[in-house]
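Inspection log for the structure reproduced underneath, given as structure tokens.
The values are calculated or read from the model by the stated rules, or taken from the named source; none is laboratory data. As the structure is a computational prediction, the values presented were derived from the model and not from experiment. Here the Cβ positions follow ideal geometry from the backbone for every residue, glycine too, while neighbour counts run over all protein chains shown. SASA here: full protein model, heavy atoms, side chains in, ligands and nucleic acids out. Shrake-Rupley method; radii C 1.70, N 1.55, O 1.52, S 1.80 Å.
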Amino acid sequence: MNKEEFVTYAQAIRLKKLGFDWECRELYTPDEEMTSVGFHDDFNYLGDTYQDEWFSACISAPTLSQVQKWLREVHRICISVNYMFDDGRWFAVWLNFDSGEYDETWETFAAYESALSAGIDVVLKLLEEKI
């Protein structure tokens, strides 16, 4: 997968604080580099399983689509990315299933992944404000 398909290191930190704990095959190292976890079934995706100091300082690097699904299934917030045919750009829209609240990012992007990442940022901020 391309790096553009993953959340940023800053987003990964925010997700950890919000309780993201889904299986990931990639992680961010303490120096913010992405690397593969491999096939360690006992890695708990938050960097706490291994007693090894290096592993305990690592953090999950989920894909954008994993986070999109996690937000939908755990927090009942759907992020969709739409295409603007008039200028060939993408934008994100989010909807809270429980409250009916929704909005769009109001910024457009040349790449689908950039728009989805921006939508994730907006939703993470909303969730952080509720903590």
For the chain, the percent of accessible surface on carbon and sulfur atoms (probe 1.4 angstrom, ligands and nucleic acids excluded) is 50
Sort 59-68, 83-92, 9-18 by packing, meaning the average of other beta carbons within 10 Å per residue, with the highest value first. 59-68, 9-18, 83-92
The chain - percent relative contact order, Cα under 8 Å, separation 6 or more: 20
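Rounded, prolate or oblate: which fits the chain when a ≥ b ≥ c are the square roots of the eigenvalues of the alpha-carbon gyration tensor, with rounded for a/c under 1.5 and prolate only if a/b beats b/c?
In terms of gyration-tensor shape, prolate.
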Over the chain, average the accessible area per residue using a 1.4 Å probe and give it in Å², no decimals. 58
